[in-house]
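What follows is a set of notes on a single structure, which appears directly below.
Each value in this text was obtained by applying a stated rule to the coordinates, not by laboratory testing. In this text, all values refer to a predicted model and were calculated from it rather than measured experimentally. With ideal geometry, Cβ positions are generated from the backbone for all residues, glycine too; neighbour counts draw on all protein chains shown.
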Amino acid sequence: MKETILSIPSPLGPTVTLCKNSWQASATPDVTLSIVSGMHGDQLNGLYLNSRLTRFLNDVAEGRETDFKLKGKIQVFPVVNLHAVQSGTRLWSFDDLDLDLAFPGNEKGEVAEQIAQCILTHTADSTHGVILGTGDHLYEDAPHAKMLHADRTTRKMAQSLGLDIVRELAESSTAKLNLLHHWGESSISSLMVSVGKPQTLDRTLCDSLFDGLVNLMVHTEALSTSANKNDKTDVHFFRANGNYCVLSTQAGLFTSEVKAGSFLKEGDKLGELRDIYSGNTLEEYVAPQDGYLVTLRHHPVLYEKEPVAILLTEKKSGFWPF
Amino acid sequence: MKTYTIASYQSPLGGPVEIIKQTFTAVKDKPVKRIAFVSGLHGDELEGVFICHRLTEYLRQLKETHSQAFLGEVNVYPAVNPQALGAASRLWPFFSVDMNRQMGNGNGASLAAGFSNALLDDLKSSSDIVVDFHASNLHLKELPQIRIIEEFGKKLIPLASLCNTDLIWVHPTAPVFEATLGYNLNRAKIPTLVVETGICLRIHPDFCDQVFKGMLNLLHNTGILNLPDPPEVKPPLLVNPRQVALIQAEHSGLFVSSIPLGSWVKKGEKLGDIVDAVNGTVMETIVSTADGLLFTLREQPVIYQGAPLARIALKETTQP
């Protein structure tokens, strides 16, 4: 069911409306799963995934997906940063505010604050939450799940996605303004799923993640299924201190020779940096140790001291502890 | 004056991008105090850049004519976000990142976080007092004021009172401050005043002159400069959140103000209209909700419901 949850008249154009889709098996569900996408206007994979999930859940609700039944409540917020999505940019130029730095928001505040507050209010009774995103501006992420609170319930939830990689994020001064942090503070088991790069819709990646999200719905008991559950067991879990960031020491044009998601051995070449004017190679980047390439620079123009790649290292990680 | 580069990075198209620090040393080896003036964290906030220009110009002349006046050390960081200033944009343009939301621990290995924390570290290691100049954003115009988070009030209010601003606004803390320069320096026990004046992308010489005189008074009264003839300054109003009335839009539209910033207004007095430009109607007449000083006024007319239009310091305020 599509519902308008916030409506803000525009000064000169159409009214801005924030919508959610929701499905529930009963009036008092034991489980509520919230799935949010479009926090930044350039994160298109999440929009596509949520649109696929919406079609699937409509089919479940109307009995066309006979293997599945609604058991709890599922609500999908396909577009959070309405103006930025409409302008095709990461941020909305009107206020240059990062919406994921606007939480908890303010009901009586500016547009971004009203949206943030509305999302938080409508997800407050959730037991589980998922934010669908992509790599940061200028970067590509291998599909993986991120969490702030690596408790057993959240790790099990991440495992149900069927992704190879789950990582813990460090708390930071800016993280306290994120939706993920506020869900955590409300004891909502929550994950951020990052897949691909901004400004790009990668259907293959999204389609591979779709089944994982359905499996997560089953795992959290928001859905029930007559089919066998399919929880992956060989998930790599990386602690927050397992990141290894490869930095540029010069500036130029970066070309990569690997793909995000590869497992690299120490010494494997990541790519090289060329001088824009001469074309000469300035430096080559190699994996400093064995690790999983979770983030790779996709925008070629590179300043000095910028991250080229982030490796999740085996040193501080381990297979999923069951 | 000595010029230092405290952080730099190479650009893909050529020369380095640098944060410059201009240092005016004390006449004695051990300065009585060291003060830092910082501007340009947001690249579209130019009022502080101009105030730093005024300070550097004044201090250079003073050094040449009365070098004995320098009992302490003065450091001026006039343009700490060089590429954003070059693009006149609030955010660091290539990354779309707010440099004043990158301070402190745990914000990753990005260039913006590294550069921001290089500035923070340099200020921590070479300052006893810091003044961080800001203008308002694109939307609001502000009378010269100093904003202080409650927990730092005891230490900062006496210093802020010297600065010739119209207002000192003491407010509660919020998570958004934790990644800012001012908060992190104050937490590190380096008293830091955050000055807010004017509006972005503009220079108001009268506001800048007012703050410039305040800075000279601050330098004199903290013993950093021994000025024979320090400027006269006015005492500011000291307000807490209960003494500030915020007026917000109930309708989206175009806000057209009808009263100048800095006016003393009466309750019920008209501040402006919100008009519907498509239908040619006035949707809302905005009036003052209290007697007091109009210290914030909406400048950018396009507004959505909930947008702040004005702030009034209530008449029943105190002086520090």
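Computed quantities for the displayed model
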| item | result |
| --- | --- |
| Within 10 Å of each Cβ in B:102-115, the average number of Cβ atoms from other chains | 5 |
| Charge dipole (debye, nearest 20) of the protein assembly as shown; +1 at Cβ of Lys and Arg, -1 at Cβ of Asp and Glu | 920 |
| DSSP bridge pairs, chain B: antiparallel proportion in percent, nearest 5 | 65 |
| Dipole moment magnitude, nearest 20 debye, the range B:242-314 about Cα centre, only Lys, Arg, Asp, Glu C-beta charged | 280 |
| Neighbour-count ranking [beta-carbon atoms within 10 angstrom, fewest first] of B:THR173, A:THR200, B:THR65 | B:THR65, B:THR173, A:THR200 |
| Listed residue (A:HIS137, A:LEU101, A:SER7) projecting farthest to the positive dipole end of chain A, Cβ model | A:SER7 |
| Ordering of B:268-279, B:30-41, A:117-128 by packing [mean C-beta count within 10 Å, highest first] | B:30-41, A:117-128, B:268-279 |
| Partner chain coverage, peptide B:90-99 - average Cβ within 10 angstrom | 4 |
| Fraction of antiparallel bridges per DSSP, the protein assembly as shown only, in percent to nearest 5 | 65 |
| Eligible lysines near B:LYS267 by straight Cα distance, threshold 16 Å, same-chain separation 8 or greater | B:LYS315 |
| Chain B, relative contact order [Cα under 8 Å, separation at least 6], % | 17 |
| Cα-based reach from A:LYS71 at 15 Å (exclusive), listing aspartates and glutamates while leaving out same-chain residues under 8 positions away | A:ASP30, A:ASP59, A:GLU62, A:GLU221 |
| At most 15 other Cβ within 10 Å, DSSP loop - GluC sites (Glu not before Pro), the range A:213-272 | A:GLU221, A:GLU257, A:GLU266 |
| Per-residue [θ]222 nm for the protein assembly as shown (sum of -39500 (n - 2.57) over DSSP H runs n ≥ 4, rounded to 500) | -7000 deg cm²/dmol |
| Unit charges on C-beta of K, R, D, E only; dipole of chain A, Debye | 680 |
| Entries of A:LYS197/A:LYS305; A:LYS69/A:LYS156; A:LYS146/A:LYS305 with Cα pairs more than 23 Å apart | A:LYS146/A:LYS305 |
| Most mobile of A:ASP290, A:ASP275, A:ASP164 in a GNM of chain A (Cα contacts under 10 Å) | A:ASP275 |
| Eligible aspartates and glutamates near B:LYS21 by straight Cα distance, threshold 16 Å, same-chain separation 8 or greater | B:GLU57, B:GLU73, B:ASP121, B:ASP122, B:ASP128, B:ASP132 |
| In the range A:63-106, trypsin sites (Lys or Arg not before Pro) in a DSSP loop with at most 12 other beta-carbon atoms within 10 Å | A:ARG64 |
| Per-residue mean of C-beta atoms belonging to partner chains within 10 Å, peptide A:167-174 | 6 |
| Residue with peak Gaussian network fluctuation, chain B [Cα springs, cutoff 10 Å], from B:HIS42, B:HIS251, B:HIS134 | B:HIS251 |
| Furthest towards positive pole of dipole, B:SER258, B:ILE303, B:LEU314, structure part the range B:242-314, Cβ charges | B:LEU314 |
| Choice from A:LEU253, A:LEU191, A:LEU148 showing the highest fluctuation, given a GNM over chain A with Cα pairs closer than 10 Å | A:LEU253 |
| Computed over chain A, Kirkwood Rh from alpha-carbon pairs, angstrom | 20.6 |
| Length-normalised contact order of the range A:2-237 in % [C-alpha pairs under 8 Å, at least 6 apart] | 24 |
| Net charge over other residues, Cβ less than 13 angstrom from the Cβ of B:PHE207 (K, R count +1; D, E count -1) | -3 |
| Cα→Cβ-extended label distance, 7 Å offset, between A:ASP290 and B:THR285, nm | 7.8 |
| Cα gyration tensor category, rounded, prolate or oblate, for the protein assembly as shown with a/c compared to 1.5 | oblate |
| 5 angstrom amide H check on B:GLN248, placed H, neighbours 5+ away | B:LEU309 |
